[in-house]
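A short write-up of the structure that comes next.
The values are calculated or read from the model by the stated rules, or taken from the named source; none is laboratory data. Since the model is a prediction, treat every value here as computed from it, not as a measurement. Glycine also receives a Cβ, built like all others from the backbone with ideal geometry; neighbour counts cover every protein chain displayed.
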Amino acid sequence: MPKKNIFTTSAPSPIGPYSQAVLVGDLLFVSGQIPIDPATGDLVTDNIEHETRQVMLNIGAILKAAGLNYHNIIKSSIFLKDINNFAKVNEVYGHFFISHYPARETVEVSRLPKDANVEISVIAAVKD
């Protein structure tokens with residue numbers, strides 16, 4: 001099955017040897033996004049709510065580049081440096097969905113790239 005790499009300048013460029021997303025068949029695999037502002041290249045660090053919002057905006061830009069939106073997300077993985085931020089992250093994350101929430105797990109990790117506080121990856125379906 002052929003694969004297609006997805007790239008947009010509206011989301012941060014990868015910081016390593018990986019693609020922003022890869023489309024294989026009817027599934028889009030979006031690499032983990034951290035709160036980097038694509039306009040400046042700076043890490044957003046003012047608070048966990050702003051960080052989570054930036055991560056979700058980055059994911060949205062990648063989805064848009066593939067012709068999709070948040071409704072197409074079927075699975076997400078959230079990685080938190082501090083699980084005590086779960087409720088705040090969950091509240092911001094939830095604003096990006098109207099209904100039909102994706103499957104998800106949230107885990108606490110000891111460290112994330114660039115010492116970010118949150119990273120989220122998603123899988124989206126091209127067809128409903």
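Some observations on this one:
- The requirement of being without any contact (Cβ under 8 Å) to a residue 24 or more places away in the chain, surrounded by fewer than 15 Cβ atoms within 10 Å (Cβ to Cβ) and over 15 Å from the mean Cα position of the chain (by Cα) is satisfied by Asn84.
- Selection from segment 15-41 of residues that are farther than 14 Å from Met56 by Cα, in a loop (DSSP other than H, G, I, E, B), in contact with a strand residue (DSSP E or B) (Cβ under 9 Å, 6 or more places away or on another chain) and modelled with pLDDT of 95 or more: Tyr18, Ser19, Gly25, Asp26
- Filtering Thr45, Thr8 for residues that are touching a residue at least 40 places away in the same chain (Cβ under 8 Å), part of a loop (DSSP other than H, G, I, E, B) and closer than 16 Å to Leu112 by Cα leaves a single hit, Thr45.
- Among the residues of segment 10-42, just one is surrounded by fewer than 11 Cβ atoms within 10 Å (Cβ to Cβ) and polar (S, T, N, Q), namely Thr40.
- Selection within segment 107-128 - buried (at least 17 other Cβ atoms within 10 Å of the Cβ) and hydroxyl-bearing (Ser, Thr, Tyr): Ser121
- Filter result (more than 15 Å from Ile78 (Cα to Cα) and part of a helix (DSSP H, G or I)) within segment 92-114: Lys114
- Number of positions in segment 43-69 that are of a type outside the set (S, T, N, Q), under 14 Å from the mean Cα position of the chain (by Cα), surrounded by fewer than 16 Cβ atoms within 10 Å (Cβ to Cβ) and closer than 22 Å to Ala125 by Cα: 1
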